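The numbers here are math on the coordinates, done by the rules we state, and not lab data. In this text, all values refer to a predicted model and were calculated from it rather than measured experimentally. We place every Cβ from the backbone using ideal geometry, glycine too, and count neighbours over all the protein chains shown.
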């Protein structure tokens, strides 16, 4: 079964549509890891919210400048996959021998670490990227769109399949729009995101809940077995 992830990419604080922290907490209960990336500048808002979203969603967060977003998104995604695998392996070890990974023999722990690293590359992943396209993203959107394409290009070389879906929030005529359903094809994704514009408020919670509805159509993370 694939791992289920989502990553919120935003440069501001949610200002409509409910609490994104609560939405992230609900996503975690559904077996989905929620990561968050805050694009920061001198006028950035919502830094604390980015941290709280990731904490509630059991994921990771990063704060980055727009020019570093591509590298940040790739590194965070890879770390998130490995962290999630480690948690699954550690849970299974504890169920079998009653000990955490950190408490077992160092030699065995090293062998488990190698196993986790190989699984991180071999495990199928389904990921929804939630892209903030509110008015404050006007001068950042081109770099943000390129970062999404770069991510799929980079991770398409994994042994395990890596599929990405892309949401924008807000959409041109709604709070959220599914720009692209799950795909392995960077060229398809590039064609779709080319015309994405910006404008409107920041309904982060609504976007998170829409991403959950997409991811739960497949077996949940909690049903994943090694």
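When the chain is treated as a Gaussian network with alpha carbon springs shorter than 10 Å, the biggest mean-square fluctuation among 124, 181, 103 belongs to 103.
Projected over all directions and averaged, the alpha-carbon convex hull of the stretch 126-172 occupies 3.3 nm². For the chain, averaging the sequence separation of C-alpha pairs within contact (under 8 Å, six or more residues apart) and dividing by the residue count gives a relative contact order of 29 percent. With r as the distance between the Cβ atoms of residue 138 and residue 87 and R0 = 45 Å, compute the FRET efficiency 1/(1 + (r/R0)^6) and round to 0.05. Computed FRET efficiency for residue 87 and residue 138 comes out at 0.75.
For the chain, the Kirkwood hydrodynamic radius from C-alpha pairs, put into Stokes-Einstein at 4 °C and a viscosity of 1.567 mPa s, yields a diffusion coefficient of 73 µm² per second. Full extension of the chain between residue 183 and residue 78 gives 36.0 nm of extra length, using 0.36 nm per residue less the Cα-Cα distance.
Legend: P(r) of the stretch 30-85 from all alpha carbon pair distances, 10 Å bins from 0, whole percents, reading 25, 52, 21, 2.
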